[in-house]
Amino acid sequence: MLMITDFTETFGGLFLTAMFALYIMRSMYVRSANRSGLPPGPKRVPFLGNVHQIPRTDQHITFMQWATQYGDVVYAEFFGKPMVILSSVKAVNDLLEKRSAKYSSRPYLRYYLDLVGWTGNVALAPYGETWRRWRKWFQKGFIARTAANSYHPIQCREVRRLLYDLLQKPDDFVFALKRYTAAIVLDIGYGHRVTSLEDDKFIRLVEDGLEKSLEGSGAGSAFVDFFPILVDIPAWMPGMGWKYWAMIARKAVKAMEDIPYDVVKSDVAAGTARPSFTASLIEELSRKGTFMEKDECDIKGAAGTLYAAGTGTSLASMIVFILVMVQCPAVFEKAQDEMARVVGDTRLPVFEDRESLPYLECIIREVYRWCPPVATSVPRQTQEDDVYRGYYIPKGSTIVTNLWAIFRDPNMYPEPDTFKPERFLNKDEDDAFDIKDPKKIVFGAGRRVCPGRYFADDNIWLAAASIVATMAIRKARSENGEEILPTLKFLSGTVMTPEPFVCEIRPRSQKTLQLILDSVVQL
């Protein structure tokens, strides 16, 4: 139990006084600059700015309310730091696409970079030489459509295992989907084959690294981004307990990056390495004779980011797919009718079937729109001052894309709260389809667009197509035989997912059951 002594009370008072004094000095400097012409936004108060107006969860809802009141470009401040929130496709395209040179960096997250030591996380890295190097590697391995296509055999193998897992434990469909995404990413990243989530050493390492990082990223750690002086205050000081979590997370992240890399490096040296993203980079740099310590750090970071960025969002979209198929049986039935016409029931769907399944394609687009896995995108940071529509956007502003507000715009998407795949059916006749297509921005925009967008989209499509082809999805029933309707509530966080729900997943027929069993023999 924490004992509050006179000393801690005195220190706490002095510390707060010092922080307030620093803020006043900062505010006097900021106000001396030309602050006129900022975008409209909610009224700010001294010291806090708009911090007091932001809830701990569902920030995207608050941002959407601000957009309704102030427009699609909104200005706010958090402890004196500027933020601009974009809530329209036009604003996103105008700034993040057309002016990407100014909008391609990231805010410096001191907790993750300085304290946890996750400097190898490509998604968090500021724009610079190292990030451009990573981008070049991902361009070769993922960004090009031909590169994404090269992973189809791995995806087809793992989707067969997914269907078998759903047969064995249909009630634990989230577990099966997670194994599917993890297995694909770890095979591509490290050449590592996954058969079980429970006892796989690589999965334990990466999951531990991610979990420990998030466990310490609460309210206390967030202040370090606004008050850098906190980095140098010892963990034993009052209010600094979150630093102990950072120490634990630092060890876990290091293990997450080092151990899988060391296994692959050893296998490459022995000539036994399976093809993988990591092995190919080690071999390429070794052949050039320039393999330095920094090269190792960069490879570890790039490979480690694959799992962190490549599993959570894809898993979230697949869970949403299951949810809406339970909620909208007519949509699921229509997708199955299309599948029966195109694929039949004697084989599993393959990527070559995709163009012949337009309704399923509409469902995937609507999944992205109806519940984007990252509701407010990963923030950007301006690298220099800018002016947009006459508004002044200061250098160093955090730029947030509110995908939730964009995809809930009734002018773009009538009945936005309704899951309605048909809205994307007549794309060839819709001159504005490119603007409305969720795929254009759900994976990001400009230079920081997700490098694995084709790969991730393929993972989601293949899982959805295979489930439609072989499974019946229905509402679960209570002990009294009454249907259980899942709630349409979401857990907001780094990735937004539906609240846990139950449903019934069974083979469509004896024929599809046998099809799944026969396909597993090939594994």
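The values are calculated or read from the model by the stated rules, or taken from the named source; none is laboratory data. Quick caveat, the model's predicted, so the values are computed rather than measured. Quick reminder, even Gly has a Cβ in these numbers, built from the backbone with ideal geometry, and neighbours come from all protein chains shown.
When the residues of segment 112-132 are filtered to those that are free of Cβ contacts under 8 Å to residues at least 24 places away in the same chain and among the charged types (D, E, K, R), the one that is surrounded by the most Cβ atoms within 10 Å (Cβ to Cβ) is ARG132. Return yes or no: is VAL378 of a type outside the set (Lys, Arg), crowded, with 19+ Cβ neighbours inside 10 Å and closer than 28 Å to PHE490 by Cα? Judged against the criteria, VAL378 is not a match. For segment 99-115, the candidate set comprises residues that are aliphatic (A, V, I, L, M) and part of a loop (DSSP other than H, G, I, E, B); within that set, the residue that is farthest from ALA246 (Cα to Cα) is ALA101. Close Cβ contacts (under 8 Å, 6 or more residues apart or on different chains) running from residues in segment 351-374 that are in the same structural domain as VAL468 (by TED's automatic domain parsing) and of a type in the set (Asp, Glu) to residues that are surrounded by 19 or more Cβ atoms within 10 Å (Cβ to Cβ) and part of a helix (DSSP H, G or I) comprise ASP353/ALA465; GLU361/PHE424; GLU361/TRP461; GLU366/VAL324; GLU366/PRO421; GLU366/ARG423; GLU366/PHE424. The condition (being touching a helix residue (DSSP H, G or I) at 6+ places or on another chain (Cβ under 7 Å), in contact (Cβ under 8 Å) with a residue 12 or more places away in the chain and over 30 Å from THR497 (Cα atoms)) is satisfied by just one residue among ALA279, ALA303: ALA279. Of note, SER150 does not satisfy the criterion of being within 23 Å of TYR392 (Cβ to Cβ) and polar (S, T, N, Q).
Residues of segment 82-92 that are out of contact with any Asp or Glu (no Cβ under 8 Å at 6 or more places or on another chain) and closer than 28 Å to PHE227 by Cβ: PRO82, VAL84, ILE85.
When LYS212 is tested against the conditions (1) at pLDDT 90 or above; (2) closer than 30 Å to GLU158 by Cα; (3) in a helix (DSSP H, G or I), the lone failure is (1).
Within segment 454-495, if we keep just the residues that are over 25 Å from the mean Cα position of the chain (by Cα) and assigned to a loop (DSSP other than H, G, I, E, B), the residue that is nearest to GLU352 (Cα to Cα) turns out to be LEU485. None of VAL264, VAL268 is more than 24 Å from ARG453 (Cα to Cα) and crowded, with 21+ Cβ neighbours inside 10 Å except VAL264.
In the set VAL116, VAL224, VAL231, VAL194, only one residue is modelled with pLDDT under 95, of a type outside the set (Asp, Glu), assigned by TED's automatic domain parsing to the domain that holds MET292 and in contact with a Gly (Cβ under 9 Å, 6 or more places away or on another chain); that residue is VAL116. Show me the helices (runs of 4 or more DSSP H) entirely contained within segment 1-97 in which 1 or more residues are at pLDDT 95 or above. Filter on segment 1-97 gives 59-70, 89-92. Of the candidates LEU109, LEU96, the single residue that is within 27 Å of PHE277 (Cβ to Cβ), in contact (Cβ under 8 Å) with a residue 40 or more places away in the chain, surrounded by 20 or more Cβ atoms within 10 Å (Cβ to Cβ) and touching a Gly at 6+ places or on another chain (Cβ under 6 Å) is LEU96. The single residue among LEU513, LEU523 that is part of a loop (DSSP other than H, G, I, E, B), over 30 Å from ASP94 (Cβ atoms) and in contact (Cβ under 8 Å) with a residue 12 or more places away in the chain turns out to be LEU523. Taking segment 156-175 as the range and being closer than 28 Å to ASP262 by Cα and buried (at least 21 other Cβ atoms within 10 Å of the Cβ) as the test, only GLU158 passes.
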